[in-house]
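What follows is one structure encoded as structure tokens, with my remarks underneath.
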Amino acid sequence: MTTADMPAATGATGREPVIKVEGVSRWFGHVVSVSDVSFEVFPGITGLLGPNGAGKTTLLRMITGLAAPSEGTITTFGEQVRDNPELYKRIGVMSEHEAVYNFLTGREFVQFAAKMRGVVDANDAAAEAIESVGLSFAADRKMTGYSRGMKQRMRLAATIVHDPELLILDEPLNGADPRQRVHFQNLLRGLAAKGRTIFVSSHILEEVEALADRVLLIVNGKLAASGDYRSIRAALNERPYHVRIVCSDPRALASGLVRLDDVDAVNIDPDGALIAQSRNVLALQMALPKLSLESNIRLLRVEPLDDSLESVFSYLVGQ
């Protein structure tokens, strides 16, 4: 399956896109950070997925108006974003590395954000936002004593305190523990159910799978694929996977592996480990114990080498 086979944006419903990115590139000197990217974002949750350094943050900075494209256009709610203060009131942005003011309490921090956004009743709005992220119990504590996950959640409260129509979140779950992640996911789903548009950047495949209705895959500054998660997963399932196998007799095991229909190739590393390529890793894993038993070979370690997003995206871009 090529990227062209994947579903396009859900614009077939006739809705106007909240975010429209057309032929956007951004370069810094001779370095191209984003290259000719086009897509549309509609209400609901859209995930921007890619390895670190893929160009996600640069793209988000252009979408939020913090940086101008070197080429191409970006509109939000049909308007140019950059230098458009009125439009900023409709958007909530949570960047990846933004600091918090540790000398403030959580409540003071969110109240400050509300006042900066021109919220009429900043105190009530802050209390409601803090409650929504489940931190009312810690609202009057100095943020210097917060865990990283708690700081992330309080930053989210500050991001939603003015009730924005569009949320743009860059790696929002960094530092969150499993319980906090579930709470965060439920909160975002609730906002999406109310008609909000949520654009979430992450380098973790499982995070985006759990959250997003639609996924945009970016690598090396280019859009590698887009569509619903199942379509993209189907494309990934067509790629050959590499599995590293450490055993007591690699040559004997390699002889057995090359006869399996589900194994495309087998190589032996200089350290004696086997590298098997297979498009059906489950079948390979089920066959290994039988092969090792038949040949009296001890299996010491079996590990996939293709868990990184870099390898996934390299495959997709190369199609």
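All of the numbers you see were taken from the coordinates with simple rules; none came from a lab. No experiment lies behind these values; they were computed from the predicted model shown. Here the Cβ positions follow ideal geometry from the backbone for every residue, glycine too, while neighbour counts run over all protein chains shown.
Estimated from helices alone, the mean residue ellipticity of the chain at 222 nm is -10000 deg cm²/dmol (sum of -39500 (n - 2.57) over DSSP H runs with n ≥ 4, per residue). At q = 0.14, 0.21 Å⁻¹ the log10 of I(q)/I(0) for segment 36-185 amounts to -0.72, -1.40, computed by Debye summation with a single uniform scatterer per C-alpha, solvent ignored. Only one residue of F103, I45, P250 has its Cα farthest out toward the positive end of the dipole of the chain, where Lys and Arg carry +1 and Asp and Glu -1 on Cβ, and that residue is F103. Taking each residue as 0.36 nm, the span from F112 to D124 lengthens on full extension beyond its C-alpha to C-alpha distance by 3.1 nm. For the chain, a Gaussian network of Cα nodes joined below 10 Å ranks T144, T46, T73 by mean-square fluctuation, and the top entry is T144. DSSP beta bridges in the chain, what fraction antiparallel, as a percent rounded to 5? Of those bridges, close to 65 percent are antiparallel. Springs between Cα atoms under 10 Å define the GNM used for the chain, and in it the highest mean-square fluctuation of S202, S95, S147 occurs at S147.
Take every Cα pair under 8 Å whose residues are at least 6 apart in sequence, average their separation, divide by the length of segment 57-205, and the relative contact order is 25 percent.
Once you sort the root eigenvalues of the Cα gyration tensor of segment 51-94 as a ≥ b ≥ c, which label holds: rounded (a/c under 1.5), prolate (a/b larger than b/c) or oblate (the other case)? Cα axes put segment 51-94 in the oblate bin. Residue farthest toward the positive end of the dipole of segment 142-186, with Cβ of Lys/Arg at +1 and Asp/Glu at -1: which of Y146, I168, Q180? Result: Y146. Once you've got the GNM for the chain with C-alpha springs shorter than 10 Å, pick whichever of Q80, Q285, Q152 has the biggest mean-square fluctuation. Maximum among the listed residues: Q285.
Checking every one of the chymotrypsin sites (Phe, Trp or Tyr not before Pro) in segment 57-155 against DSSP loop status and a limit of 10 other Cβ atoms within 10 Å picks out F103. Positive end of the dipole of segment 3-236 (Cβ unit charges, origin at the Cα centre): among G195, A126, V219, the Cα lying farthest that way belongs to A126.
Rounded to the nearest 0.05, the FRET efficiency derived from the C-beta distance between D177 and V258 at R0 = 41 Å is 0.40. Along its three principal directions, the equivalent ellipsoid of the chain from the Cα gyration tensor extends over semi-axes of 43, 25, 17 Å, largest first.
Here the chain is assigned +1 on the Cβ of each Lys and Arg and -1 on the Cβ of each Asp and Glu. Its dipole about the Cα centre then comes out at about 520 debye.
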